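Working notes, beginning with the structure itself.
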Amino acid sequence: MSDKKSKYSRKILRPKLLTIIRFTDLLVIFISGYLTNILYISNQISISASNNQVYFNIEIFMSISAVLVFGFFHIYSIHDIRSTLKHGLRVITAWTVVFGLLATYIFLNKSGVTFSRVWFMAWFVVGFAAIMISRLIYRQLFNKWLKQGRLERRAVVVGGGKAAEELIHAVNKGSEGEVKILGIFDDRYDERSPDVIAGLPKLGEISDLVKFARETDIDLLLISLPVSAETRLLNLLKKLWVLPVDIRISALQSKLRFRPRSYSYIGEVPVLDLFDRPLSEWDDIVKNIEDRVIAVLALIVLSPIMAIVAIAVKLDSPGPVLFKQKRYGFNNEMIMVYKFRSMRDDLEDKNASKLVTKGDPRVTKVGKFIRKTSLDELPQFINVLTGQLSLVGPRPHAVQAKADNRLYGEVVDGYFARHKVKPGITGWAQINGWRGETDTEEKIHQRVEHDLYYIEEWSVLFDLYILAMTPFSLFNTKNAY
């Protein structure tokens, strides 16, 4: 695995870059409005300090609003920014909407006489020009970084033969370096699917793909099978949908033709979107900010309670205060999760091969209390700060965790799809009563079902709702031993 990771290692700029572009827009829009204010209004019109503060507040509000509206118009796309004309039309449309909203506010607030119309129109023109100048600069940088491979999306093609060859040629020609295809996976080993297609190697059978994708950090799966091959597609998707990647089926050779809006495009290649990575680049950044900020605040507020629990654990039984256990993290990676020790040190089960049950003699007196109240989970805020856990997400399960003496992965088909996002301290399953012991198959089925619902419906507001409801869910200690 280490050899493969080193072979396919990369330094990628894409996630951070899109955040930087948003921040650039925020500054450019504010500065253009502020300078227009200073250069025109302050020199031409005598205004009070309070009125000048109103202008300043509007400039701040408009800068933030513009970035949000731009996101709604899907302006923050590297491919889109590289297409100057198309991108300019999107920007001017979104920019007009932003100013339309401001004009509506001014009209409804009956404050039109308060603001300078020259300033309003000058900011519209200067702001748009400043945004497009910044885009031209970024475009030059994008072209440079694409040549260096620092903005590429990694892909593999599923399915071989002539269809795969045509797909590879079309993607290489149309994506202009944005998509790098590493190779092909196909179950056929005959003249229909040679070992090398369009200069790319066959990397294995489809059964090898899940492991390969986890080890080498794949962004995109391109399926070259025809839509009409329904049985093959269904069998394929049963294996691949657990991966945190975008899955697209090529419509390049398909005889079925849908409306143009039914397709998305990779370069000029029409594709049908089957599955999307649960958290896009920007959503992932937003969730990370949410996690870090709230985790820092929680550690500050809860530090006295954590100190008391640590002392109680130490006095109650010999052994370390913290218990460390390997669990499944994002994309099935192994992570080390921290908890306050709740069991006798000499009887601890590092792999959780035996579930804790009611009246379990391994659990200490203090351990029984902190497990029921979930105080044993508080050190996991440290895992959140290190990026291994999220505040909200599917709970991380131990490697050998079982339900009715069967490993979770054996009980639930598609169980590992819950690892398409980072695991969390709390989650949708937990606030709906599915926390604690999973001694029956029904309990783990319900937990996974709730986890997958959370992944599909994620939003910041959904996270905040789950966090708000978590303290109330702790009163339900039915399955917590």
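The values are calculated or read from the model by the stated rules, or taken from the named source; none is laboratory data. What you are looking at is a predicted structure, and each value in this text was computed from that prediction instead of being measured. Here Cβ is always computed from backbone atoms with ideal geometry, including for glycine, and neighbour counts include all displayed protein chains.
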What strands (runs of 3 or more DSSP E) completely inside the range 263-348 contain at least 1 residues that are charged (D, E, K, R) and under 24 Å from PRO394 (Cα atoms)? 322-328, 334-340
The range 140-156, subset in a loop (DSSP other than H, G, I, E, B) and under 23 Å from the mean Cα position of the chain (by Cα), residue nearest to ASN235 (Cα to Cα): GLU152
Looking at this structure, is SER224 surrounded by fewer than 13 Cβ atoms within 10 Å (Cβ to Cβ) and polar (S, T, N, Q)? no
In the range 140-157, is there at least one residue being farther than 28 Å from ILE78 by Cα and surrounded by fewer than 18 Cβ atoms within 10 Å (Cβ to Cβ)? no
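Residues are listed down the side, and each one gets a yes or a no for (1) modelled with pLDDT under 85; (2) assigned by TED's automatic domain parsing to the domain that holds LYS287; (3) within 21 Å of LEU378 (Cβ to Cβ):
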{"residue": "VAL421", "(1), (2), (3)": "no, yes, no"}
{"residue": "ILE425", "(1), (2), (3)": "no, yes, yes"}
{"residue": "ARG435", "(1), (2), (3)": "yes, yes, yes"}
{"residue": "GLN446", "(1), (2), (3)": "no, yes, no"}
{"residue": "ALA480", "(1), (2), (3)": "yes, no, yes"}
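Would you check if TYR105 is within 25 Å of the chain's Cα centre (by Cα) and either in a loop (DSSP other than H, G, I, E, B) or free of Cβ contacts under 8 Å to residues at least 12 places away in the same chain (or both)?
Taking the combined requirement at face value, the residue does not satisfy it.
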Scan ARG82, ARG135 and give me the residue that is under 25 Å from ASP283 (Cα atoms) and free of Cβ contacts under 8 Å to residues at least 60 places away in the same chain. ARG135
When the residues of the range 382-409 are filtered to those that are among the hydrophobic types (A, V, I, L, M, F, W, C), buried (at least 17 other Cβ atoms within 10 Å of the Cβ) and closer than 16 Å to LYS326 by Cα, which remaining residue is modelled with the lowest pLDDT? ALA401
Restricting to the range 413-438, what's the tally of residues that are within 23 Å of VAL363 (Cβ to Cβ) and surrounded by fewer than 17 Cβ atoms within 10 Å (Cβ to Cβ)? 2
Based on this model, can you work out whether ILE75 counts as in contact with a Lys or Arg (Cβ under 6 Å, 6 or more places away or on another chain) and modelled with pLDDT of 85 or more? yes
Quick count over the range 55-96, residues being in a helix (DSSP H, G or I) and either in contact with a Ser or Thr (Cβ under 7 Å, 6 or more places away or on another chain) or basic (Lys, Arg) (or both), is 3
Take ALA417 and tell me if it is modelled with pLDDT of 90 or more, over 21 Å from ASP376 (Cβ atoms) and either of a type in the set (A, V, I, L, M, F, W, C) or assigned to a helix (DSSP H, G or I) (or both). no
